[in-house]
Amino acid sequence: MLKKRLEALKPDQEAVKAQHAKGKLTAEERLALLMDKGSFVELDIFAEAKSSHESKKPRDGVITGYGTVNSRPAYVFAQDFTYMGGSMGEVHNRKIARVMELALKNGCPCIGLYDSGGARIQEGVAALDTGGRIFKLNMLMSGIVPQFSLILGPCAGIAVYSPALTDFILMSGKTGSLFITGPDVLKSATGETVSLDELGGAAVHSEKSGLVHLVTEDEKQCIQMLKLLLGYLPQNNLEQPPAHAAGDPITRLNKSIQRIVPQDAKKPYDMKGVIAEVADKGSFLEIHASYAQSAIVGFARFGGKVIGIVANQPSVLAGCLDIHSSDKIARFVRFCDSFNIPLITLIDVAGYLPGKEQEQNGVIRHGSKILYAYAEATVPKISLILRKAYGGAFIALASKELGHDMVLAWPHAEIAVMGAEQAVAILHRKELQGKNAEKFKKEKIAEYEQKFLNPYHAASSGQVDMVIPPEETRKNLGMALQMLGHKRDSVLKERKYRKHGNIPL
Amino acid sequence: MDEIKVKIGGKEHKVKVEETPEGKLRIHHEGEVFELEPGQSSIPSEMLKRSGSGESVVVAPLPGIVHSVEVKKGEDVKKGQLLMTLVAMKMENDVVSPRDGKVKSIEVKKGQTVNRGDVLIEIE
C-alpha cells in the first residue's frame, strides 16, 4: 500500500523535460546537490490540497524535510515548479510553515529553494492567508536562526516576500528572477510591456534594488555558494560561529600594505586589497558585492575565527556613505550582532555624500540607520582609521561614545569635523574679508592641519586607543579581537524593558 | 506600442511609446521607463542622462571640481582608461571610460564645479 502510494509521487516526465529545457533542475535534483548524501528525511509526503483540482497530487508542490549540509543539521523546503508552477496553496504553505517551526524549535538554519509563480489562484484567499503564516514565522525566526532563500526560478507575488524577510537571498543568474507582478499581469493591469530581466533579473536585484545578496551564474553554483556562506555562520543566536584552526599566523606582518594604500590621502585605491592582506589568506566572502559599492561588507576569518568586515571603498564615490551604502552597512551590522559575529570596521572616508540628490532622497533617514545599528550592537566592535575619518562618518564608524570598543589609527590618519580649508572659511569668516586675507588664510590652514589632521589630537583625549604602524595592522586587530573575546554589554539588560527599538526605516 | 526613433544631442535612439489608460505617454528606453504628460514637449532630464550613460556619455559620479582632464577631443580611448579626475570629498576621484571609442566632446574645463549627473565627456 505504501509502495503504491509512493509510486504516485513519481514526477511527470514531460514536466521534468520542460524544467530541464529551461536550464533548471527539479526540486529532487536540487536537494540532492544541497544535502549530505543519504541524510535527507522528507516530511508530510502525503499531504495534498483540500480543493479538488484535476491534477491534484500528494506533496502539493513542495518537498519539505531535514537533514545535514556539510555535516550540520538544517531544515529545508524545495518548491516543485513541475507541479502547478510551484504555486503556493494552503497545504503547500502549511508544509513550509511546519519546517520553519521545526527549524526555530531546534535552533537550526532554514533554507528555502524557491521556484514559484506565487499564490495558487485556484485556492483563493486560503492560499494568501497561509502565506501570512510563513511571513510571521520569518519574523519570529529573525535573529534566532539564520534563514536563507535561493531563487532558482521565476518567483512572483507571495513567493518574493518570504525571501525578502530572510537573512540572505542567493540567486541563480541564469534562471532566477523576483518580482511582485509578472510581465503578463502587468501588461493587462497597466499596459506596461517589460521583460522579465528588466523587472527582476539578477542584474536589477544585485545592483539596483539591493534585494539579492549573492548572485551566481547557475543553480549548482548557487547551492555551492550557500554551503560556503553557511560555513561562516552559527546554527543559532546562542552559538558561536564555527571556528577553524588558525592556519595563517595572527602575528604576520603586512609588509605590502603601504604599496596598496597611497600615502597621499587624495589618491584612491581598492580597499579589498587591504582586506585580503590583513584577514586570514583567502577567507573574505563579500556580501552585496555589486550593490552600493562605496561600502564593502562581508565575512572573513582572523586566526580562524569568523568576523564581519565593514569598510569604505575609496575607489567608488570617494568611499562616501550614501543612501544605499547606509542601508547595506546597517543591515549587515545587525545580522552580525544577532549571530555573535564581531565587527571590524576599516575607515577611510571624508563623510556622508553631500548634494541635493542625496538630501532629497533621504540620506539623513538612511544614514541614521548606521548610527542605530552600531549603537545597538553588543558584539565586539573594532575600528581602524587608515587615512581619513571626518565628521558624521567618524561618529558612525569610530566613535567610542557611540559604542565602538577599540579605535586604532595609522600614523597619518586625519580625524576632524571637516577639512582644513572649509573649517578656516567658517571659523575666520570676518578676518578673511580684510587685507592680507590670503596670507592669513594660509597660516590658519597650516595651524588647523597641524592641530587636527593627525591621530594624536584624538589619541590625547582617548578617542583613539592606539596609533599603530600600518605593517602591524593584522597583529593589532587580532589582539584587539582576542581582548574583546568575552565581551558582555550592559545594553542587553536595558533591552528587557522594551518590546523592541524603533530603528529609522 | 509604437517604436520610433528620436535624436538626442545628435545621437539617434530607438524608443517605444505607448499610451497609458490615464492618457499619459509612456516611453521605454534601454530598460528604463519614463512618463510624459500629454502636451509636455521636453524630454525628462533623467532620460537625457540615461540616454547618455547608455554607453556614450560619461556623467559625474558625485559633485565636485574638475581636477584634471587626461584626454583630448578626437582621441581614441579604451574601456577603463582614465578620462579625468574630479576632486570631491577630499579625494581625486578617477573618471574612466565605460567603453572603447573616440572622445567626441569634452563638456567641462579644469577647475569647473560639477553636480552629480552632469555630462563630462561624450564618447562615440
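Throughout, read-outs are computed from the coordinates displayed, never taken from laboratory work. It should be emphasised that the depicted structure is a prediction, and the values quoted were computed from it without experimental measurement. Don't worry about glycine lacking a Cβ; one is built from the backbone with ideal geometry, like all the others, and counts go over all protein chains shown.
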* Per-residue ³J(HN,Hα) for region A:220-234, Karplus 6.51 cos²θ - 1.76 cosθ + 1.60, θ = phi - 60°, Hz, x for Gly and Pro -> 4, 5, 5, 5, 4, 4, 4, 5, 4, 4, 4, x, 9, 10, x
* Structure fact -> From the cross-link list A:Lys356/A:Lys499; A:Lys267/A:Lys305; A:Lys22/A:Lys187; A:Lys187/A:Lys356, the entries with a Cα-Cα span beyond 29 Å are A:Lys356/A:Lys499; A:Lys267/A:Lys305; A:Lys187/A:Lys356
* **Size of charge dipole - region A:162-310 - debye, nearest 20, with Cβ of Lys, Arg +1 and Asp, Glu -1, no other charges** => 680 debye
* Structure fact -> Mean separation of Cα contacts under 8 Å (at least 6 apart) over the residue count of chain A, i.e. the relative contact order in percent, is 9 percent
* **Top positive-direction residue, dipole computed over the protein assembly as shown with Cβ charges, set A:Gln463, A:Asn70, A:Tyr269** => A:Gln463
* For region A:107-161, just say rounded, prolate or oblate: build the C-alpha gyration tensor, square-root its eigenvalues into a ≥ b ≥ c, call rounded for a/c under 1.5, and beyond that prolate if a/b exceeds b/c, oblate if not. => oblate
* To do: Find which of A:Tyr291, A:Phe135, A:Gln13 sits farthest along the positive direction of the dipole of chain A, computed with +1 on the beta-carbon of Lys and Arg, -1 on that of Asp and Glu, about the Cα centre.
  => A:Phe135
* Amide H neighbours of A:Ala295 under 5 Å, at least 5 residues apart or on other chains, H built in the peptide plane: list them. => A:Gln313
* Using 1/(1 + (r/R0)^6) with R0 = 51 angstrom and r between the beta carbons of A:Ala189 and A:Met1, what's the FRET efficiency to the nearest 0.05? -> 0.60
* Structure fact -> Once the in-chain neighbours fewer than 8 apart are removed, the aspartates and glutamates whose Cα is under 14 Å from A:Lys475 read A:Asp248, A:Glu277, A:Asp280
* Structure fact -> Residue span A:Glu357 to A:Ala437: 0.36 nm per residue of separation minus Cα-Cα distance leaves a gain in nm of 25.4 nm
* Starting with the highest mean, order A:31-37, A:244-250, A:214-220 by the number of other Cβ atoms within 10 Å, averaged over the residues of each peptide. => A:214-220, A:31-37, A:244-250
* Asked: What residue among A:Leu104, A:Ala164, A:Trp410 has its Cα farthest toward the positive end of the dipole of the protein assembly as shown, where the charges are +1 on Lys, Arg and -1 on Asp, Glu, each on the Cβ?
  -> A:Trp410
* Non-local amide H neighbours of B:Ile121 (under 5 Å, H modeled in plane, Pro and chain starts lacking H): which ones? -> B:Val58, B:Glu107
* Structure fact -> Going residue by residue through region A:425-439, the Karplus relation 6.51 cos²θ - 1.76 cosθ + 1.60 with θ = phi - 60° gives ³J(HN,Hα) values, rounded to whole Hz and with x marking Gly or Pro, of 4, 7, 5, 10, 3, 5, 4, 6, 8, x, 6, 6, 4, 4, 5
* Structure fact -> Counting only DSSP loop positions in region A:1-100, the GluC sites (Glu not before Pro) whose Cβ has at most 12 other Cβ atoms within 10 Å are A:Glu54
* For region A:410-505, what is Rg from Cα atoms divided by 2.2 N^0.38 Å, rounded to two decimals? -> 1.69
* Is the shape of region A:173-247 best called rounded, prolate or oblate, per the rule: a/c under 1.5 gives rounded, else a/b larger than b/c gives prolate, else oblate, with a ≥ b ≥ c the square roots of the Cα gyration tensor eigenvalues? -> prolate
* Qualifying lysines (Cα of each under 20 Å from Cα of A:Lys328; at least 8 residues distant if same chain) -> A:Lys208, A:Lys272, A:Lys369, A:Lys381
* **All lysines inside 23 Å of B:Lys73 as judged from Cα atoms, apart from same-chain residues fewer than 8 positions distant** => B:Lys7, B:Lys11, B:Lys49, B:Lys102, B:Lys104, B:Lys109, B:Lys110
* Distance from region A:7-82 to region B:59-88 (C-alpha centre basis), Å -> 54 Å
* **chain A: antiparallel DSSP beta bridges as a percent of all, rounded to 5** => 35 percent
* Rotationally averaged projected area of the protein assembly as shown (alpha carbon convex hull; nm²) -> 34.1 nm²
* Multiply the residue gap between A:Leu427 and A:Ile395 by 0.36 nm, knock off their C-alpha separation, and tell me the result in nm, one decimal place. => 9.4 nm
* Structure fact -> With only helices counted (DSSP H, runs n ≥ 4, each -39500 (n - 2.57)), the per-residue ellipticity at 222 nm for chain A, to the nearest 500, works out to -11000 deg cm²/dmol
* Structure fact -> In terms of the alpha carbon gyration tensor, root eigenvalues a ≥ b ≥ c, rounded if a/c is under 1.5 and otherwise prolate when a/b exceeds b/c or oblate, region A:111-199 is oblate
* **Inter-chain shielding of B:90-97 (mean C-beta neighbours from other protein chains, 10 Å cut-off)** => 6
* Estimated distance in nm for a label pair at A:Leu238 and B:Asp118, the labels positioned 7 Å out from Cα along Cα-to-Cβ -> 6.0 nm
* To do: Report the charge-dipole magnitude of chain A in Debye, nearest 20, computed about the Cα centre from +1 at each Lys and Arg Cβ and -1 at each Asp and Glu Cβ.
  => 880 debye
* **Residues whose placed amide H lies under 5 Å from that of A:Glu192, excluding near-sequence neighbours** => none
